[in-house]
Amino acid sequence: MELTTRQKAAFGIGAVGKDMVYALSASYVMYYYQDVLGLSATFVGLILMIARVFDAFNDPFMGVIVAKTRTRWGRFRPWIFSGTVLNAVVLYALFAAPVLAGAGMMVYFSVIYILWGITYTMMDIPYWSMIPAVTRTPADREKLSVIGRTCAGVGSALIAMFTMLLVGAFGGESERAGFRWVALLVAVIFVVTETLCCTSVRETSGGEMKTATVREMFKALFSNDQALVVVGSIVLINSALYLTSNFVIYFFKYDFGGVGWKASYTLFSTIGGAAQILGMMVLYPLLRKKLNNTQVFTASLVAALGGYAVLLVLCLTGFSGSLALLCIPGVVVFACNGMLSVLTTLFLSNSVDYGQRKTGRREESVIFSMQTFVVKAASGVAVFLTGIGLDLIGLAGNTDETGPIAAQSASTLLGLRLMMTVLPMVVLAAALVLFRRKFTLTDARAAEISAELHAKTEKEETYHG
């Protein structure tokens, strides 16, 4: 039985809620603990990197636990629901830190953030692993994966659009209080969306769930050169995104400045988030009518690089205070990121067929587990570099909530502008070079491989039937 529209929508809504949680943590933990609470940026970055690398290695272990689960409610939904509730509680604790001295706050942050990663993995791994158990054909699995990834992008965009607006609305001059209320709101939305997902999407397959060890993931990846290229591109593109999302709030607070910096940052993020959604849902389908997926991907990377270059020029020529001008390259960068997120998911799906033809083994669960593994590890490294960069340029935090915004030196502001633009450009340029030189799985070739595998499957079924 095919999934109903309601079930597909419920699965997508679950992705929106869970990625709102992930985006809040990924984009604002550094700012909250470094700028609002006063911890060292390098220390915060180090803990974030350690926790995310640990979390990446923990993914396969969680997969094994889920695979061995047998309950009356199925294998996946108990973990999704329980992990969601626990993670929602920890998310609130993460952004509702008590008043502690330096060492106490360092210990509190370390423990709570690692717990956040563990509890998020509890629901994230079974959420994506559930796809084969609720679908019957590879085409259905691909469609549901695209729905999930697209809706996850919507969840991330919503956080980018509304977080600081809500922080100001709920907390007034106190960002500390504002983040506490925002975390509570997101936690509630998270529980509601995952509950809807768990009650609407039922497992239809009782087959064994294939799980992968870290060794199996790397073996499968390195035996599939096209999956390796796609995963490498995903790592680089996500690293650029994390660098941008972590630096841009500092840019608006200390460089763009002014008493209304939160409103300006919110408007910029809202426009960018809307552009990201537009890129996924409107711009990509339009370009796809004229270009193949490889051309759209290349064009998106080139356009994103151009957007960052324009942003850099604006910052270095005295126009960094013009929100209207900043939004122009911002729209380009975010729209391109939206298209890239859809395309990398499609390319990864195609690489599974390619790997099956090359090795005789279909390892979709292994390949997609590898994607989650390396993206988490890469995001940890990116945020660690962010922390080091903030300390290197000497950015002074603004922990006095009621006082004026801390003034930064000219060299600090220059360093912030360069890190916000040049670092992502370097990473995206590396992704472009990798893709152009190593990616050969064009639309035509992917269709040819898929047809070949389908014909082979039909022949085998006819023979055995």
In the range 81-88, is there at least one residue being open to solvent by less than 40 Å² (accessible area, probe 1.4 Å), touching a residue at least 40 places away in the same chain (Cβ under 8 Å) and either acidic (D, E) or farther than 25 Å from C198 by Cβ (or both)? no
Select, from A152, A103, A96, the only residue that is open to solvent by 40 Å² or more (accessible area, probe 1.4 Å), within 26 Å of G45 (Cα to Cα) and among the small types (G, A, S). A103
With the structure loaded, tell me whether V282 is more than 21 Å from N350 (Cα to Cα), surrounded by fewer than 17 Cβ atoms within 10 Å (Cβ to Cβ), at pLDDT 90 or above and out of contact with any Asp or Glu (no Cβ under 8 Å at 6 or more places or on another chain) or whether it fails that test. yes
Is there a residue in the range 257-269 that is within 18 Å of the chain's Cα centre (by Cα) and over 21 Å from S145 (Cβ atoms)? yes
Return the pairs, sorted by first residue and then second, in which the second residue is modelled with pLDDT of 85 or more and in a loop (DSSP other than H, G, I, E, B), the first residue lies in the range 390-413 and is under 26 Å from G172 (Cα atoms) and open to solvent by 50 Å² or more (accessible area, probe 1.4 Å), the beta carbons are less than 6 Å apart, and the residues are 6+ apart or on different chains. T399/G38; E401/S174
Given G45, G38, which one is in contact with a Ser or Thr (Cβ under 8 Å, 6 or more places away or on another chain) and at positive phi? G38
Quick check on the range 310-330. Is at least one of its residues assigned to a helix (DSSP H, G or I), within 20 Å of the chain's Cα centre (by Cα) and either farther than 26 Å from G168 by Cα or not acidic (D, E) (or both)? yes
Would you mind stating whether G38 is part of a loop (DSSP other than H, G, I, E, B) and either in contact with a strand residue (DSSP E or B) (Cβ under 8 Å, 6 or more places away or on another chain) or closer than 30 Å to A396 by Cα (or both)? yes
Is one or more of the residues making up the range 11-25 more than 19 Å from G148 (Cα to Cα) and modelled with pLDDT of 90 or more? yes
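The values are calculated or read from the model by the stated rules, or taken from the named source; none is laboratory data. Note that the structure is predicted; figures quoted are calculated from it, not measured. So basically every Cβ, Gly included, is an ideal-geometry build from the backbone, and we count neighbours across all protein chains shown. With ligands, DNA and RNA removed, areas are computed over all heavy atoms of the protein, side chains included. Shrake-Rupley method; radii C 1.70, N 1.55, O 1.52, S 1.80 Å.
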